[in-house]
Amino acid sequence: MSGHNKWSTIKQKKGKNDAARAKVFTKIGRELIVAIKEGGSADPSVNSKLKDCIAKAKAANVPNDNIERIIKKAANDNDSTNYEAVTYEGYGPSGVAVIVEALTDNRNRTAGEVRHYFDKFGGNMGTQGCEIGRASCRERV
């Protein structure tokens, strides 16, 4: 037997599951906010990117109340956090070309984290604005 208290085992399992779901909900929420800001409209019939994000949220079992709350929050534009999509290019181990697309509120922090992972796993980041396949992209940043 793993223990005498069945509830504590259930509580630990539920805690892990809830934390994983919350992480997914937060990620999808950020995508919804960016879709509204980039698309310019909180109406899914006009904003196709928002429509795709809503479909993705429903596939991940995000409650409708959460989706509506995030859309209203982004439409009112009261949020001081400004998420933006950034793209990084580089080479992984054995010269494999890698394109990293990230959603961030702090470009400097994200660049450092991406550079850290490239270095950690034997790759290198390309210079900003380089194209994969050009010789200048092989330079270390």
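Just need a number here: residues in region 81-108 that are of a type outside the set (Phe, Trp, Tyr) and either over 17 Å from the mean Cα position of the chain (by Cα) or over 16 Å from residue 35 (Cα atoms) (or both).
Pass one, region 81-108, residues of a type outside the set (Phe, Trp, Tyr): 81-82, 84-87, 89-90, 92-108.
Pick out the ones that are also either over 17 Å from the mean Cα position of the chain (by Cα) or over 16 Å from residue 35 (Cα atoms) (or both) and you get 87, 89-90, 92-100, 106-108.
Residues meeting the conditions: 15.
Return the pairs, sorted by first residue and then second, in which the second residue is surrounded by 10 or more Cβ atoms within 10 Å (Cβ to Cβ) and among the basic types (Lys, Arg), the first residue lies in region 99-123 and is within 15 Å of residue 83 (Cβ to Cβ), the beta carbons are less than 9 Å apart, and the residues are 6+ apart or on different chains.
103/27; 103/30; 105/30
Consider residue 111 against the criteria (1) under 28 Å from residue 126 (Cβ atoms); (2) not assigned by TED's automatic domain parsing to the domain that holds residue 123: it satisfies all of them except one. Which criterion is unmet?
(2)
The values are calculated or read from the model by the stated rules, or taken from the named source; none is laboratory data. Please read all numbers here as calculations on a predicted model, not as lab measurements. FYI the Cβ positions are ideal-geometry reconstructions off the backbone, even for glycines, and counts take in every protein chain you see.
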